[in-house]
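See structure below.
The values are calculated or read from the model by the stated rules, or taken from the named source; none is laboratory data. Keep in mind it's a predicted model, so treat the numbers as computed, not measured. Ideal geometry is used to build each Cβ from the backbone, glycine not excepted, and the neighbour counts take in all protein chains shown.
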Amino acid sequence: GLAWKTIRQQHDAQRLHLTITQLEAKLRLKDEAAAKIDSSRGDFLAIASHELRTPLTQLLGFADLLGAMAQDNSLDVETIVHVTDSIVRACGRLNEVISQILDMAQLDVNALDLKFSTITLETVLRQAIEPYVPAMRERRLALKISGLKGLPALQADEQRLVQAFSQL
């Protein structure tokens, strides 16, 4: 009776202690993961802030240039075309950064809608570098993609992979 009850209570106490220890370990892991996420979020915000300021600075500079040239009556068609092309490129970059921030916000709430399809790594990489080709030509840089033809196709979200590789 009493001995059996005591043994049972000790056994229950040991099981409870083990459960508490396991829960503490899980909580510690979750705390560590949350700290890493917070650190990553801070890094992302610093980078995003810089990435937003760059095209904004370009937009302001080109707007100032147009204004000054208009006041001096020194605008010619070639300059207008060059400046407006630059403004359009800066707006495009700004739009990309904002889209990436929104994507990160969706990832944060696990709401990102992935669309899986069969794709090749070569296609993804070519799409990822395509927006940078004019800048590479301008700087006389060359980028060669090779050795990808034999790789098997992937089941992945093409747009998101292109986005990830373009960030690299």
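The one condition from (1) assigned to a helix (DSSP H, G or I); (2) without any contact (Cβ under 8 Å) to a residue 12 or more places away in the chain that Leu75 does not meet is (1).
A single member of Ala25, Ala34, Ala13 is within 26 Å of Leu161 (Cα to Cα), surrounded by fewer than 11 Cβ atoms within 10 Å (Cβ to Cβ) and not acidic (Asp, Glu), and it is Ala34.
Here Ser74 meets each of (1) surrounded by 11 or more Cβ atoms within 10 Å (Cβ to Cβ); (2) of a type outside the set (A, V, I, L, M, F, W, C); (3) modelled with pLDDT of 85 or more with one exception, condition (1). Taking the stated definitions as given, is Leu59 modelled with pLDDT of 90 or more, under 34 Å from the mean Cα position of the chain (by Cα) and part of a helix (DSSP H, G or I)? Taking the combined requirement at face value, the residue satisfies it. Free of Cβ contacts under 8 Å to residues at least 60 places away in the same chain, part of a helix (DSSP H, G or I) and more than 23 Å from Glu96 (Cβ to Cβ): does that describe Asp43? Taking the combined requirement at face value, the residue does not satisfy it. For region 32-39, the condition holds for at least one residue, the condition being that it is more than 30 Å from Ala135 (Cα to Cα), more than 20 Å from the chain's Cα centre (by Cα), of a type outside the set (Val, Ile, Thr) and modelled with pLDDT under 90.
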